[in-house]
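Here the structure is laid out as structure tokens; the discussion comes afterwards.
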Amino acid sequence: MALWTFILGALLLLLGLATACFLLYCAYVQYIHMKYDHIPGPPRDSFLLGNFTTLMRSMKDDNLVHELFLQWAQTYGPVVRIYALHNVMILLTSPSGVKEILMSPKYTKDDVYRRAFSLFGVRFLGNGLLTNRNYDHWHKQRRVMDPAFNRIYLTGLMGPFNEKAEDLMERLAEKADGKSEISIHNMMSKVTLDVIAKVAFGLELRSLQDDQTPFPRAISLVMQGVAETRNPLAKFTPGKQAFIRDVKDSLRLLRQTGKECIERRQKAMQDEEDVPLDILSQILKGAALEDTCDLESLLDNFVTFFIAGQETTANQLSFAVMELARNPNILERAQAEIDEQIGSKRDIEYEDLNKLQYLSQILKETLRLYPTAPGTSRLLDKAVVIEGLSIPPNVALVFNSYVYGRTEQYYKDPLTFDPDRFSPESQKPHFTYFPFSLGPRSCIGQVFSQMEAKIVMAKLLQRFEFQLTDGQSFQIIDTGTLRPKDGVMCRLKPRTK
């Protein structure tokens, strides 16, 4: 009897403690609400969940959460408050907010970047250039890597850019019979992977020639894993365990490949052998000078560049082809520029890129409508006033370039694909276009990416006519980056001039 009394008493005590903790949590949630409820925003789904249910519903079945953000910005204005349990984030679609926050080095990246340190328990981006939240540590890394992405240095890489783009043209020519259906996204993913591997790390993956290479699938799985982790219960979801194992194996493959690549290059440099003048050599030389040759940190950046250098450019190229195929007048004008400035030249030179003004406008307009990296965020550590609203500290400020690019206030007829928005003569709204972010933490690889995109697109427009196959949805999916859901299925045939 005494034992049962003790057990009952212990259970009542635990129940009392749980109730007290729950009430304290509810009080904290109420405090958060009182702190931020003066900021406009959508009504909460429930007291505790906030807008979490709506956010999760919008991401289910490949729905695009950025469309929800766009709706909220249109409804509630340039400063929107969003709750998820006890967390709160502020969606800013204010140019003055972009100027104040993104252009300043004093605002660090928020906790969402910490989640990319690992993926399902396996180290992912770690403390690399994209995810490092400590400004001093990040700045030291950036200073080490800047020489490897200097425009003058990159002009010396036109040879490999041309070589890999020619590999793509040869593969496309094999299927350019006007009948075969080709996934443009699949082909672009392979060429950008071969480019980043060769130009950055001296690796010959030959994924365009070898359909069995594991790297395209590994990167795709990792990006799908990133998307899944937005749901905090993802790893506990029934039926996901096999997928999670595949994601973890893919991460291990990427990091092991990086480890072997780095160690080979370090040994070659120590033995004073001739090494390629690629990005990896520049990074290792800079790291040695700064005494920052920690292998795990180097691997963090290997994975960061390997994935980011492949994924975002492939998506941009795919969206560009999709829009050109949907807009024959724009396509005709782009091909006329190629014919005039490039002709039938096989090897495109750096000086040629500057002549392709309209193609540059097409690529910029593609990123306005389809920003492949759709946003960034910063941690607000002290109160600020933006658009007349006081925003208390300790909150994430979210800048969504998808929302900016589709807002009528900044771009007339925003859903119309119009490259002339970026003509030299056109007026452009300030601090509303940032596909590579802005300020000190803007993307280090943006020049690299756009040089590559321009060469690939120039050769494609030079050689082929393309037509979209019927039945495509033109929907966008978010797997950490934005990509065309249906892969941009096309039929190609050689151009006749």
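Odds and ends about this structure:
- Count of the stretch 465-497 residues, restricted to those that are within 14 Å of A320 (Cα to Cα) and of a type in the set (V, I, T), is 2.
- Just one of the listed residues (I348, I391, I362) is in contact (Cβ under 8 Å) with a residue 60 or more places away in the chain, crowded, with 20+ Cβ neighbours inside 10 Å, more than 26 Å from the chain's Cα centre (by Cα) and more than 21 Å from Q74 (Cβ to Cβ), and it is I348.
- Scanning the stretch 456-487 for residues being more than 16 Å from L331 (Cα to Cα) and hydrophobic (A, V, I, L, M, F, W, C) gives a total of 4.
- Options V195, V222, V199; residue that is farther than 23 Å from T479 by Cα, under 25 Å from the mean Cα position of the chain (by Cα), assigned to a helix (DSSP H, G or I) and of a type in the set (V, I, T): V199
- One residue from V398, V385 being surrounded by fewer than 20 Cβ atoms within 10 Å (Cβ to Cβ), modelled with pLDDT of 90 or more and not in a helix (DSSP H, G or I): V385
- So L324, is it over 30 Å from I101 (Cα atoms) and modelled with pLDDT of 95 or more: yes
- Listed conditions (1) crowded, with 18+ Cβ neighbours inside 10 Å; (2) on the phi > 0 side of the Ramachandran plot are all met by L85, apart from (1).
- Any hit, the stretch 116-135, residues being within 23 Å of I386 (Cα to Cα) and either in contact with a His (Cβ under 6 Å, 6 or more places away or on another chain) or exposed (fewer than 15 other Cβ atoms within 10 Å of the Cβ) (or both): no
- Residue in the stretch 93-114 that is surrounded by the fewest Cβ atoms within 10 Å (Cβ to Cβ), counting only those that are within 19 Å of the chain's Cα centre (by Cα) and closer than 11 Å to S377 by Cβ: D111
- Scanning the stretch 450-489 for residues that are of a type in the set (G, A, S) and within 25 Å of E340 (Cβ to Cβ) returns A453, A458.
- Selected residue (criterion: nearest to the chain's Cα centre (by Cα)) from residues of the stretch 293-312 that are of a type in the set (D, E) and either in a helix (DSSP H, G or I) or within 10 Å of L125 (Cβ to Cβ) (or both): E311
- Residues that are modelled with pLDDT of 75 or more and hydroxyl-bearing (S, T, Y), drawn from the stretch 264-294: S281
- Within the set E465, E408, the sole residue that is among the charged types (D, E, K, R), modelled with pLDDT of 90 or more, surrounded by fewer than 16 Cβ atoms within 10 Å (Cβ to Cβ) and on the phi < 0 side of the Ramachandran plot turns out to be E408.
The values are calculated or read from the model by the stated rules, or taken from the named source; none is laboratory data. All values derive from a computational prediction rather than experimental measurement. Every residue, glycine among them, receives a Cβ derived from its backbone with ideal geometry; neighbour counts consider all protein chains shown.
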